[in-house]
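Below: one structure in structure tokens.
The values are calculated or read from the model by the stated rules, or taken from the named source; none is laboratory data. These figures come from a predicted structure and were not determined experimentally. Positions of Cβ are backbone-derived with ideal geometry, glycine not excepted, and every protein chain shown enters the neighbour counts. In case anyone asks, the SASA skips ligands and DNA or RNA and just uses the protein heavy atoms, side chains included. Shrake-Rupley method; radii C 1.70, N 1.55, O 1.52, S 1.80 Å.
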Amino acid sequence: MRRLPLLLTTIALCGGLAAFGALDRTGPGVPRPTADTAGPPDSRSAPGSSLSHAITADQQRLRQLPADAALWARLGAEYVEQARLTADPAYYPKADEALHRSLALAPQANADALTGLGALANARHLFDQAREFAEQAVTASPAHWPAYAVLADARTQLGDDTGATEAVQQLLDRRPGTASFTRAAYDLEQHGRTDDARAALRQALDGAYDPADKAFCQYQIAELDRNSGRADDALTGYRQALHTDPDHTPALAGQARAEAALGRTDDALRDYAAAVARVPLPQYLLELGELQESLGHPEQAQEQYRLLAAEQRLAAANGVVDDLTLGQFQADHGDPAEAVRLLRAEWSRRQNVLVADALAWALHRTGADTEALDLARRTQAHGWHNALFLYHLGTIELALGRSDDARTHLSEALTTDPAFNPLQAPLARTALAGLR
């Protein structure tokens, strides 16, 4: 039985930081070898400068207290968070060593280290491992609320819908706050309950005290608006988030996304470039490249795609397994057959709607539309109002001669968000016009 709607209207919200970063909408966001050899964070750590100070302080404490298991666990968690803030996967091996050092010093009931290892595994897209670590942490300490945040993220990415909702419920029961309400909002959005998701985020915002928490909630509300085709409202929300926390890079990229949807392409190019300069996430690079491509700037677009490939290689070298991003990129901008290979591998590891959509689209791009159709239909199972999913489904149906179904889903895609993608939204309009 789904209990989230009841809790969202009756529970009193308390403040609280999101545990190890919040779940990314396209996938999970990226939430020292030894205390005396780790160097200072490099120039890419500017967005997490306050965290850099905390890391330095804990490194110094560990020089004096090298057997402090709790301190090692905290340092490891800080490294995971710093990687998320800076998009620098070089922190992952440091986190791994620190967290395993903690576990070696305190192997029994070390919920902090187990939770940190789960967060690290989520960041590396090793979701089976993340689930196992989080479940071990819950067994060791059932009241340890951060473990439920990690567990919810892992189960979501593994496509365990019921298990993810249960983990969010457990998190809500133990720690109503930013970490729990933002995850509840994502769960609700995935089930087509956008208004309930917005209500959850507003409750989180009302109870947030730290500027970073407030900005995060404002950004997530703006994302709901943007994904619902309300670009003006989204732009206002992104700007509010940046006013609250000028260092909130996701809001800067979101501002660019909304500006692009509104046709303010010069502003969008400027803001995307600024976001990429701060944190070169593959998502930002891809969005900027596609915008440049849509404007007839192929050389600039290819430069973003080259940077994206370099970032992916850096992530892989630091233990990240991300065939989903690579597969999505290859399907539209590279070799669709290679996309199918990558995404079949990803599907073998986790069967959620993001991977189903990506694999369906890659199969379509290779002409395998009959197989693609079943996967594309899976994205509609829970009612998520996602314009890109609907466009992909409608395009596959059109290729199979299912004109009525294609008309329905292409129309729904453009109704949900008329500017869902600078390259594919125009194609959706052209295809729909041909069906009338």
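Among the candidates L172, L205, which residue alone is in contact with a Ser or Thr (Cβ under 6 Å, 6 or more places away or on another chain) and more than 25 Å from W347 (Cα to Cα)? Break it down stepwise before answering.
On the way: L205 fails: in contact with a Ser or Thr (Cβ under 6 Å, 6 or more places away or on another chain).
Every option except L172 fails the conditions.
Moving on to the next point. Among the residues of region 148-203, which ones are among the acidic types (D, E) and either within 19 Å of the chain's Cα centre (by Cα) or surrounded by 24 or more Cβ atoms within 10 Å (Cβ to Cβ) (or both)? Don't jump to the end; show me each part of the working.
Taking region 148-203 and keeping what is among the acidic types (D, E), we get 153, 160-161, 166, 173, 187, 189, 195-196.
Result: D153, D160, D161, D187, E189.
Looking at D206, is it within 30 Å of S411 (Cα to Cα), of a type outside the set (K, R), more than 16 Å from the chain's Cα centre (by Cα) and in a helix (DSSP H, G or I)?
Numbers: within 30 Å of S411 (Cα to Cα): no; of a type outside the set (K, R): yes; more than 16 Å from the chain's Cα centre (by Cα): yes; in a helix (DSSP H, G or I): yes.
Answer is no for this residue.
Which of the residues spanning region 82-119 are under 20 Å from L51 (Cα atoms), open to solvent by 30 Å² or more (accessible area, probe 1.4 Å) and at pLDDT below 95?
If the condition is that a residue be under 20 Å from L51 (Cα atoms), open to solvent by 30 Å² or more (accessible area, probe 1.4 Å) and at pLDDT below 95, then R84, L85 are the ones that fit.
While we're on this one: In region 329-339, is there at least one residue being closer than 15 Å to F127 by Cβ and surrounded by fewer than 23 Cβ atoms within 10 Å (Cβ to Cβ)? Spell out how you get there, then give the answer.
To start, the set of residues in region 329-339 that are closer than 15 Å to F127 by Cβ comprises none.
Looking for residues that are closer than 15 Å to F127 by Cβ and surrounded by fewer than 23 Cβ atoms within 10 Å (Cβ to Cβ), one finds none in region 329-339, hence no.
Give me a count of the residues in region 209-257 that are over 28 Å from L390 (Cα atoms) and part of a helix (DSSP H, G or I).
Adding up the residues that qualify gives 12.
To continue, here is another question. So which residues in region 292-314 are open to solvent by 40 Å² or more (accessible area, probe 1.4 Å), in contact with a helix residue (DSSP H, G or I) (Cβ under 7 Å, 6 or more places away or on another chain) and part of a helix (DSSP H, G or I), if there are any at all?
Scanning region 292-314 gives E293, Q300, L307.
Quick one: which residue in A273, A256 is of a type in the set (A, V, I, L, M), out of contact with any Ser or Thr (no Cβ under 6 Å at 6 or more places or on another chain) and open to solvent by 40 Å² or more (accessible area, probe 1.4 Å)?
Values: A256 fails: open to solvent by 40 Å² or more (accessible area, probe 1.4 Å).
That would be A273, the only listed residue that is of a type in the set (A, V, I, L, M), out of contact with any Ser or Thr (no Cβ under 6 Å at 6 or more places or on another chain) and open to solvent by 40 Å² or more (accessible area, probe 1.4 Å).
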